[in-house]
Structure formats: structure tokens, C-alpha cells
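K.L.:
Could you have a look at this structure, given as C-alpha cells, before my questions?
The values are calculated or read from the model by the stated rules, or taken from the named source; none is laboratory data. In this text the structure is predicted, and so the values were computed from the model without any measurement. When we count neighbours, we look across all protein chains shown, and the Cβ atoms used for this are built from the backbone with ideal geometry, even at glycine. Calculation scope for accessible area: heavy atoms of the full protein, side chains included, ligands and nucleic acids excluded. Shrake-Rupley method; radii C 1.70, N 1.55, O 1.52, S 1.80 Å.
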Amino acid sequence: MSGITNWFEYVGDRWSDVWGASWDHLMLVIQVMIVATVLSVAVGVAVRNNATLRNIALGVAGILITIPSLALFTIFIPIVGLGFKPAFIALLLYAILPILRNTITGLREVDPNVLESARGMGLNGTQRLIRVQLPLAWPVILAGIRVSTLITTGFAAIATLVAGPGLGIFIKDGLRRLGLPLSMESVWTGTIFTILLALALDLVLSTIGRFTTSRGVR
Amino acid sequence: MNQSDTTEPMIRLDRVSKVYPGQSSPAVAELSLDIARGEVLVLVGPSGCGKSTTLRLINRMIEPSNGRIIFDGEDVTGVNPDLLRRRIGYVIQQIGLFPHMTIADNVATVPRLLGWKKDKIRARVDELLDMVGLEPNVYRDRYPKELSGGQAQRCGVARALGADPEVLLMDEPFGAIDPITRDRLQNEFLRLQSELKKTIVFVTHDIDEAMKMGDRIAILKESSQIAQLDKPEHILAYPVDDFVDDFIGSGSTLKGLSFERVRDLELSPYPMIRHNAGHAQARRVLDEAPQRWLLVLDDMDRPLRWVNDSHLDRTDRPLRDLGHPVRAKVEPNATLHDTLEAMLTSMAGCACVIDKRGSLQGVVEIEALTDVIRRLRANARKHYEDENGQSQPTGTPS
Ligand SMILES: Nc1ncnc2c1ncn2[C@@H]1O[C@H](COP(=O)(O)OP(=O)(O)OP(=O)(O)O)[C@@H](O)[C@H]1O
Ligand SMILES: [Mg+2]
């Protein structure tokens with residue numbers, strides 16, 4: 001019991017730090033997700049009809065997530081320096097695969113008869129993409145965005161290693177002072193607020209999904 | 001016989017071929033075909049003979065390898081296919097409604113592409129839904145998944161008619177629907193077509209559907225070669241070769257009777273008598289006639305009983321209680337097929353033709369039907385012999 005009380009006290013005493021780190025964390029994730037979504041959907045659309053290009057795109061995105069995270073966060077430092085930028089790039093590269101894969105799957109799962117009738121009525125390629133394929137693929141794409149957002153929110157805690165923003169700072173501090181008073185409280189603060197952030201983002205995305213998915217495909 | 005002789009055809013395929021990449025034999029080989037304005041032309045043939053390919057060549061879903069397609073007098077082989085398709089309704093078996101759009105939005109697809117005003121689109125959607133038998137207030141805001149198969153196909157037809165195209169292409173539109181609903185949709189379609197008078201190319205592999213829907217039928221063999229192209233009754237009466245004969249199957253004579261109506265028959269006299277006449281008079285009438293049965297009528301000339309010689313021995317009972325009741329009755333617009341069916345159930349082997357009030361107009365005997373069949377055959381044969389030397393027996397303009 002006293003552990004939990006202590007933790008609340010700990011957070012209460014540092015509320016403005018916690019709030020600030022959470023906000024920075026959130027901003028980092030949101031920016032990564034916006035760029036990752038635009039990029040992945042664009043690539044997915046571009047490669048959807050060509051098996052070779054599809055496999056290349058998915059292969060590259062797959063390789064990216066197998067790069068050890070510590071390495072991925074550090075290899076860009078020589079090019080872009082410390083801070084927000086290397087963190088942003090590393091998270092972006094991780095965020096791509098789930099969205100890209102779901103974009104490709106979603107677009108390819110569209111019933112060929114629906115596309116046949118769309119073409120038969122005289123919708124050109126762009127009109128078919130925008131009016132038919134993307135709206136039908138959207139629930140699948142959004143599922144990819146949600147997975148990717150959860151992963152990114154968690155991984156963003158590592159940003160602190162490259163002097164990036166976010167809740168990782170509490171975890172790093174705790175680790176550094178392990179065994180000393182309040183070290184575990186610090187680790188818990190970073191962990192719990194990261195999880196809360198992830199859940200909040202997921203809730204927002206599922207609400208967006210409800211309002212942007214046609215009743216006909218729900 | 002050929003309407004294309006007098007007016008310009010709506011669609012003309014001019015030696016059109018299609019060879020799919022990597023295929024040795026063409027899916028369509030040098031097909032020439034005229035489709036007249038306002039006619040329903042059915043393409044029918046075994047699976048894989050190239051029906052769908054032929055249909056999709058018309059709206060350029062598939063590009064021809066060779067040949068020209070003339071649409072409404074204009075060579076459309078080189079025009080923008082999207083603009084062409086907006087002028088041609090297209091219905092496929094799997095329908096392909098847009099699942100994320102309401103029925104109204106689905107039906108409004110082509111009008112929107114053409115930039116119609118909102119009010120006009122809304123009115124058009126309601127008109128179309130009404131036309132295909134979907135109450136607009138009920139179905140307008142539904143989604144495709146909330147429709148039955150039959151309703152979805154009606155919606156597909158409404159959508160194809162969206163911007164009032166002159167031409168409809170239909171690829172086995174009723175193929176995936178249960179027989180009862182299919183029959184109803186076919187009938188509704190025929191009623192609709194009698195008002196709309198669209199030019200329709202209709203693909204099916206069901207010869208009975210072809211006979212029912214087509215003003216003319218093209219029976220295709222592999223590579224879309226026309227085996228025979230003619231009105232259904234001509235094909236039934238005179239299949240040009242074994243392929244056609246096999247394809248239309250057994251019972252083609254019976255099927256041919258569906259195209260003829262009782263009112264066009266010449267009925268020969270039949271012995272008949274009022275119910276209140278005496279037995280002696282009845283026997284005299286029967287003896288004078290070549291037939292074996294006598295028809296007893298009531299005061300309004302409505303047929304009552306079939307009576308034969310031995311029945312008349314029962315002099316203790318009035319004529320109206322003798323013999324067998326008359327069940328086989330048909331109205332003048334009944335088909336000969338229905339009439340034959342009625343005759344087969346009749347004691348006397350005859351069907352009575354009655355008017356609206358039930359009064360007798362005449363009696364159909366089996367000889368009348370065999371005469372019709374003989375005449376149909378002779379006419380069809382003559383039709384092909386007349387054409388001999390000028391054009392193919394398929395009726396294809398050369
Ligand atoms: N996209 C394609 N690529 C290659 N070959 C094709 C293609 N589409 C059809 N074919 C071939 O062309 C021929 C004609 O096909 P088509 O679909 O026109 O036949 P169909 O008469 O409509 O048959 P069904 O009654 O089974 O629908 C077939 O041999 C088929 O295998
Ligand atoms: Mg087909």
C-alpha cells in the first residue's frame with residue numbers, strides 16, 4: 001500500500017515535469033504517426049498493383065523493424081545530431097511496416113467485382129482509388145495505424161537515450177539511480193504514463209474510426 | 001427480317017478479334033455483328049466460348065486486338081474509354097455494388113460523374129428505384145449488405161440505368177439468383193424493356209433464358225463464332241446445324257410453341273350442343289362430325305361437359321350431367337405451350353378457347369398444333385433458303 005501512496009506523492013511532487021514529459025512524448029508520437037501514415041499509404045498506393053514493387057516495399061519495411069532499436073536510434077546521430085531528430089527518424093522507420101502492410105492488404109482485398117463495376121461505369125483510375133478503393137481499405141489501414149501508434153508510443157521512451165524528448169527520461173533516471181531512494185518510483189512513472197498515453201491515443205483512433213468508416217462496411 | 005438493313009445499327013462489331021496475351025487461340029475471332037436500336041440481343045453459348053469477352057469489348061473493358069467497334073455511328077475504338085462507358089450501362093452477375101455507399105449513392109454514381117445537379121440526381125434516383133420495384137423511402141438510405149440477392153440485382157440494374165444510357169450490357173445478370181426470383185426479375189425486366197426500348201446485349205449460358213429474353217439470339221461456338229443468329233422461334237424451328245441443335249437441346253419443338261398464341265390459330269369446327277337439347281339430337285350431331293367427342297354448352301355458351309357415344313346411352317339423365325367436366329380452358333392470348341399442356345389433361349384431348357366471360361370461341365385439337373409446327377418449320381427453312389447466296393445462314397451482314 002505504502003508503495004503506491006509513495007508513488008502518488010512522487011508524481012504529485014513532480015507534476016509539472018511529468019506533464020511536460022508526457023506532452024513532449026505525445027507530440028513526438030503524433031508527428032511520427034502523421035508522417036508515417038502519409039508515407040506508408042502513399043507507398044502502399046504506389047506499389048499496390050505490382051507484385052515486385054509490393055514485395056520490395058514490404059521487404060524493406062520488414063528489414064527496418066529488425067534493426068536493433070538501440071542501434072537504430074544511434075546511427076542517425078552523426079548525420080542529424082542529438083535530440084528530437086534522431087528519435088523522430090528511428091520511430092518513423094519502425095512505424096512504417098504495420099501501416100504499409102495493412103494498406104496493401106486493404107487495397108488488394110477490395111472485391112474485384114466492385115472494381116469491375118466501377119470501371120464499367122466510367123470511373124477513371126484516380127476516381128476508383130479515391131471513391132472506392134481507399135474508403136473500402138480504410139478500416140484495415142486504420143487498424144494498421146493503431147498498431148503502429150501503440151508500438152511507437154512504447155518505443156518513444158527510448159528517445160531519451162539520444163537526448164530526445166518524452167517520458168523515457170524518468171525510466172533512464174530510475175535506472176541510473178537503481179537501488180537509491182525513489183529510483184523505482186521514477187521508472188514506474190515513465191512506464192505508467194507511457195501506457196496511459198498509448199491507451200488514450202488508441203481510444204482517439206478508434207473514435208476516429210467510428211466516425212470515418214461507412215456503416216455499410218462496418 | 002434484318003432491321004439493320006433499313007436503319008443504322010446502334011452497335012456494330014466489324015471483324016473484331018481478341019487474343020489474350022499468352023493464349024494460342026483467340027477468345028474472339030473476326031466477329032462481325034450488328035445490334036439494332038431497341039433490340040435485346042442475347043449472346044448464348046457454352047462456357048468459355050467468349051461471351052463475356054465479346055460483351056466487354058463493346059464498352060472497351062477489353063481492348064480489341066483487331067477490328068473496329070462502331071457505337072451509334074461513331075468509331076469508338078480510339079475514344080476515351082471512361083467517357084464511352086458513362087454512356088453504356090453495365091450489369092454483371094456479381095453486381096459489384098459499392099458496399100460503403102448507400103443505395104441512393106450507388107445509383108447516383110454515373111449522374112455524379114456527369115456533373116448533374118443535386119436536385120436532378122435525387123429525383124432520378126427515386127425514379128429509378130421506383131422503376132425497378134424498390135420503394136425509394138425504404139431502400140434509398142440502406143447499404144448493399146442490407147439487401148437480398150434479388151434486391152441487390154435490381155439495384156444493379158437501376159445503377160446501370162443511372163444516366164439513361166441508350167445501351168445496356170448485361171453479363172448473366174440473373175445467373176446467381178434462385179429460380180423463382182430469377183423468373184420474376186426476368187418478367188420485370190421484360191416489362192421495363194417494353195417501356196424503355198433500350199438496346200441491350202444480354203449474355204447468358206441458359207438457352208431457356210435466352211429464348212425468353214431475346215428479340216434475337218446469337219448462338220456462339222468457341223472463339224465467339226456465330227453458329228446461328230436469329231429470332232428465337234426461327235432457331236427453335238430450324239436449327240442450322242448439329243451444334244445449334246445440340247445446344248437448344250431436346251424439346252425445342254415444345255419450346256417453340258411458347259412463341260405462338262392461341263388467337264392466331266385457325267380453329268376447325270367442332271361438334272357442340274346446348275345442354276337442354278335432347279339425346280337424339282345430340283347423337284345426330286355427334287354422328288355427323290368426324291370427332292369422337294361432343295361438347296355440351298350452357299345457356300351462355302360456356303363449355304360444360306365432354307360427352308361421347310356411350311355416354312349418350314344414358315337417356316335417363318340430362319346432357320349436362322353426362323360425360324366428363326371441361327377443365328382444359330384457355331384464353332386467346334395463351335401460348336400454344338400452355339394450350340398443349342391443358343390439352344394433355346383433357347379427356348377429349350382438346351382445349352376450349354374461351355373469352356373473358358367464359359363463352360366458347362372454339363376448340364383446339366392436336367392437329368391444329370401439328371399444323372402450326374409444320375408451318376413454323378417451313379417458314380424458318382424458307383427464311384434461310386431466301387437468304388441463300390446473299391449472306392450467311394447466320395444472318396450476319398457481310
Ligand atoms: N483475362 C483473361 N486472360 C486470359 N484469358 C482469358 C481472360 N479472360 C478470359 N480468357 C479466356 O478467353 C476465353 C473466353 O472467355 P470468356 O470469359 O469470354 O468466356 P464466357 O463465354 O464468358 O464463359 P462463361 O460462360 O464461363 O462466363 C476462355 O477460354 C478464357 O479462358
Ligand atoms: Mg462469362
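K.L.:
In region B:124-151, how many residues are open to solvent by 60 Å² or more (accessible area, probe 1.4 Å) and over 29 Å from the mean Cα position of the chain (by Cα)?
P.N.:
Here the count works out to 6.
K.L.:
Using the structure shown, decide if residue B:97 is within 16 Å of ligand 2 (Cβ to nearest atom) and open to solvent by less than 30 Å² (accessible area, probe 1.4 Å).
P.N.:
Judged against the criteria, residue B:97 is not a match.
K.L.:
Shifting gears a bit: Can you find even one residue in region B:32-44 that is within 13 Å of ligand 2 (Cβ to nearest atom), closer than 23 Å to residue B:206 by Cβ, open to solvent by less than 50 Å² (accessible area, probe 1.4 Å) and within 14 Å of another protein chain (Cβ to nearest Cβ)?
P.N.:
Scanning region B:32-44 turns up no residue that is within 13 Å of ligand 2 (Cβ to nearest atom), closer than 23 Å to residue B:206 by Cβ, open to solvent by less than 50 Å² (accessible area, probe 1.4 Å) and within 14 Å of another protein chain (Cβ to nearest Cβ).
K.L.:
A further question on this structure: Out of the residues in region A:197-218 meeting the condition of being open to solvent by 90 Å² or more (accessible area, probe 1.4 Å) and over 15 Å from the mean Cα position of the chain (by Cα), tell me which one is nearest to the other protein chains (Cβ to nearest Cβ).
P.N.:
Checking each candidate, the answer is A:215.
K.L.:
Next question, about the same structure. Would you confirm whether any residue within region B:158-170 is away from chain A (no Cβ under 14 Å), within 16 Å of ligand 1 (Cβ to nearest atom), touching a Leu at 6+ places or on another chain (Cβ under 6 Å) and open to solvent by less than 10 Å² (accessible area, probe 1.4 Å)?
P.N.:
No, region B:158-170 contains no residue that is away from chain A (no Cβ under 14 Å), within 16 Å of ligand 1 (Cβ to nearest atom), touching a Leu at 6+ places or on another chain (Cβ under 6 Å) and open to solvent by less than 10 Å² (accessible area, probe 1.4 Å).
K.L.:
To continue, here is another question. Of the residues A:130, A:79, which single one is part of a helix (DSSP H, G or I) and under 23 Å from residue A:28 (Cα atoms)?
P.N.:
It is A:79.
K.L.:
Could you please tell me which pairs satisfy a Cβ distance under 7 Å, a separation of 6+ or placement on different chains, a first residue in region B:107-119 that is of a type outside the set (A, V, I, L, M), and a second residue that is part of a helix (DSSP H, G or I)?
P.N.:
B:109/B:159; B:111/B:121; B:111/B:124; B:112/B:121
K.L.:
Name, by its number, the condition in (1) part of a helix (DSSP H, G or I); (2) more than 14 Å from every other protein chain (Cβ to nearest Cβ); (3) surrounded by fewer than 21 Cβ atoms within 10 Å (Cβ to Cβ) that does not hold for residue A:90.
P.N.:
Failed condition: (3).
K.L.:
Could you list, ordered by first residue, the pairs with Cβ atoms under 7 Å in which the first is in region B:42-59 and part of a helix (DSSP H, G or I) and the second is within 8 Å of ligand 2 (Cβ to nearest atom), at least 6 apart or interchain?
P.N.:
Filtered contacts from region B:42-59: B:51/B:203; B:52/B:171; B:52/B:203; B:55/B:171; B:55/B:203.
K.L.:
Let me ask another. Which of the residues spanning region A:134-148 are in contact with a Pro (Cβ under 9 Å, 6 or more places away or on another chain) and open to solvent by less than 50 Å² (accessible area, probe 1.4 Å)?
P.N.:
Once the filter is applied, which keeps residues that are in contact with a Pro (Cβ under 9 Å, 6 or more places away or on another chain) and open to solvent by less than 50 Å² (accessible area, probe 1.4 Å), region A:134-148 yields A:136, A:143, A:144, A:145, A:148.
K.L.:
Considering (1) among the aliphatic types (A, V, I, L, M); (2) part of a loop (DSSP other than H, G, I, E, B); (3) under 23 Å from residue B:202 (Cα atoms); (4) more than 9 Å from chain A (Cβ to nearest Cβ), say which one residue B:79 fails and leave the rest.
P.N.:
For residue B:79, the failing item is (3).
K.L.:
Name every residue in region B:55-70 that is away from ligand 2 (no atom under 16 Å from the Cβ) and out of contact with any helix residue (DSSP H, G or I) (no Cβ under 7 Å at 6 or more places or on another chain), in order of residue number.
P.N.:
Selection gives B:63, B:65, B:66, B:67, B:68, B:70.
K.L.:
Of everything in region B:82-110, what is in a helix (DSSP H, G or I) and facing chain A (nearest Cβ under 8 Å)? Give them in sequence order.
P.N.:
Those that are in a helix (DSSP H, G or I) and facing chain A (nearest Cβ under 8 Å): B:82, B:83, B:84, B:85, B:109, B:110.
K.L.:
If you go through region B:175-205 one residue at a time, how many are assigned to a loop (DSSP other than H, G, I, E, B), within 19 Å of residue B:44 (Cα to Cα) and either without any contact (Cβ under 8 Å) to a residue 60 or more places away in the chain or hydroxyl-bearing (Ser, Thr, Tyr) (or both)?
P.N.:
1
K.L.:
Has region B:119-131 got any residue that is in a loop (DSSP other than H, G, I, E, B) and at pLDDT 95 or above?
P.N.:
No, because not a single residue in region B:119-131 is in a loop (DSSP other than H, G, I, E, B) and at pLDDT 95 or above.
K.L.:
Right, next: Can you tell me which residue within region B:178-212, out of those that are open to solvent by less than 70 Å² (accessible area, probe 1.4 Å) and within 16 Å of ligand 2 (Cβ to nearest atom), is farthest from the other protein chains (Cβ to nearest Cβ)?
P.N.:
Across region B:178-212, the extreme among qualifying residues is B:207.
K.L.:
Also: Would you list the strands (runs of 3 or more DSSP E) that sit entirely within region B:260-333 and hold 2 or more residues that are without any contact (Cβ under 8 Å) to a residue 40 or more places away in the chain?
P.N.:
The qualifying strands (runs of 3 or more DSSP E) are B:293-297, B:303-308.
K.L.:
Kindly provide the set of residues from region B:45-76 that are surrounded by 17 or more Cβ atoms within 10 Å (Cβ to Cβ), within 14 Å of chain A (Cβ to nearest Cβ) and within 13 Å of ligand 1 (Cβ to nearest atom), ordered by number.
P.N.:
B:52, B:53, B:55, B:56, B:57, B:58, B:61, B:62 - these are the residues of region B:45-76 that are surrounded by 17 or more Cβ atoms within 10 Å (Cβ to Cβ), within 14 Å of chain A (Cβ to nearest Cβ) and within 13 Å of ligand 1 (Cβ to nearest atom).
K.L.:
If a residue has to be within 16 Å of ligand 2 (Cβ to nearest atom) and either part of a strand (DSSP E or B) or open to solvent by less than 60 Å² (accessible area, probe 1.4 Å) (or both) to count, how many in region B:214-224 make the cut?
P.N.:
Adding up the residues that qualify gives 6.
K.L.:
Look at region B:341-373 and say how many of its residues are open to solvent by 30 Å² or more (accessible area, probe 1.4 Å) and under 22 Å from the mean Cα position of the chain (by Cα).
P.N.:
2
K.L.:
Picking from B:268, B:258, B:252, which residue would you name as being open to solvent by 40 Å² or more (accessible area, probe 1.4 Å), at pLDDT below 90 and touching a helix residue (DSSP H, G or I) at 6+ places or on another chain (Cβ under 6 Å)?
P.N.:
It is B:258.
K.L.:
Please enumerate the residues belonging to region B:5-31 that are away from ligand 2 (no atom under 16 Å from the Cβ) and outside any loop (DSSP other than H, G, I, E, B).
P.N.:
B:5, B:11, B:12, B:13, B:14, B:15, B:16, B:17, B:29, B:30, listed by residue number.
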